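Novice: I have a structure here, written as structure tokens, and I will follow up with some questions on it.
Nothing in this text is a laboratory measurement; each read-out follows from the coordinates by a stated rule. These figures come from a predicted structure and were not determined experimentally. For neighbour counting, all protein chains shown are included, and Cβ atoms are generated from backbone atoms with ideal geometry for every residue, glycine included.
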């Protein structure tokens, strides 16, 4: 009886928090498919999706490399400051994205420490580079936080054995370490991708929100909602595409991973 009650509470909570809002979004989209489809296929919306995917690809690539390197330093490194690095990695999780956006404006603005770029025609703020920087900042921890516990779990025995047999550091990493942490990296990449696609707060401040140029998909949803005038189908339609993309990435990860990893 206790187990059934626990399951009922868990499923009820998930339904209320996750399934309910998603089901409502799908229902609202289905009420006006023509309006939703028109909004999704609008040139400015297509440009927003393209920019979102471009920014997400850059952020995921950078933070995957950075996350693996940081995890190796934290777990395998023997240098001063590892504890400080371990603490700073979690900083984006503690800061509001709005604060991140304001910080980037202060840093790269005309009077900021790196204001030289703006003063000399190298646009960082209110352009794609600013969006990329904001997205990289807010998605920084995910790969590292997935890889660190995996590295600690697998230990160093296999790596030491490979080095004893004459393998170089790079050979040990590519043939022993990376295959051992590959699914942790995949999980981190999935989380990073989902976070990058759905980022709003920091991007809203540094992008300028120019339709067709610096407007991401989440900003496009916000515009569609603000100027809905009672017709929310465009906002629901674009939101549905974003949610479906995130779910598709998650499903592909589950399908492609080996059976042992699923268990």
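Novice: In nm, to one decimal, how far is the modelled label at residue 180 from the one at residue 107, with both set 7 Å along Cα→Cβ?
Specialist: About 3.4 nm separates the two model spin labels.
Novice: Does anyone have the angle between helix 178-198 and the longest principal axis of the chain? Alpha-carbon axes, 0 to 90°, nearest 10?
Specialist: Tilt relative to the chain: about 20 degrees.
Novice: Multiplying the sequence separation of residue 170 and residue 11 by 0.36 nm and subtracting their Cα-Cα distance, what value in nm do you get?
Specialist: 52.6 nm
Novice: Kindly state, to the nearest 0.05, the FRET efficiency for residue 117 paired with residue 37, given R0 = 51 Å and r defined as their beta-carbon distance.
Specialist: So the FRET efficiency works out to roughly 0.80.
Novice: If you rank 49, 227 by fewest surrounding Cβ atoms within 10 Å, what's the result?
Specialist: 227, 49
Novice: Pull out the extension gain between residue 250 and residue 18, defined as 0.36 nm times the separation in residues minus the alpha carbon to alpha carbon distance; nm, one decimal.
Specialist: 82.0 nm
Novice: Under a GNM of the chain (C-alpha, springs under 10 Å), which listed residue has the highest mean-square fluctuation: 205, 95, 151?
Specialist: Evaluated over the chain, the most mobile residue of the options is 95.
Novice: What list do you get for 116, 183 if you sort them by fewest beta carbons within 10 Å?
Specialist: 116, 183
Novice: Could you compute how fast the chain diffuses translationally, taking Rh as the Kirkwood radius over C-alpha pairs and applying Stokes-Einstein at 20 °C with viscosity 1.002 mPa s? Give it in µm² per second.
Specialist: 102 µm²/s
Novice: Which residue, 215, 160, 118, tops the fluctuation ranking in a GNM of the chain built on C-alpha contacts under 10 Å?
Specialist: 160
Novice: If you don't mind, another one. Which whole-number percent is the relative contact order of the chain (Cα, under 8 Å, 6+ apart)?
Specialist: RCO, the chain: 30 percent.
Novice: Run the helix sum for the chain: -39,500 (n - 2.57) per DSSP H stretch of 4+ residues, divided by residue count, reported at 222 nm to the nearest 500 deg cm²/dmol.
Specialist: Taken over the chain, the calculation gives -23000 deg cm²/dmol.
Novice: Can I ask one more? Given a 10 angstrom Cα cut-off, can you work out which residue in 112, 130, 198 is the most mobile in a GNM of the chain?
Specialist: Highest fluctuation of the listed residues: 112.
Novice: Quick one: check the C-alpha center-to-center distance for the stretch 133-178 versus the stretch 85-100, whole angstrom.
Specialist: Centre-to-centre distance over Cα atoms comes out at 23 Å.
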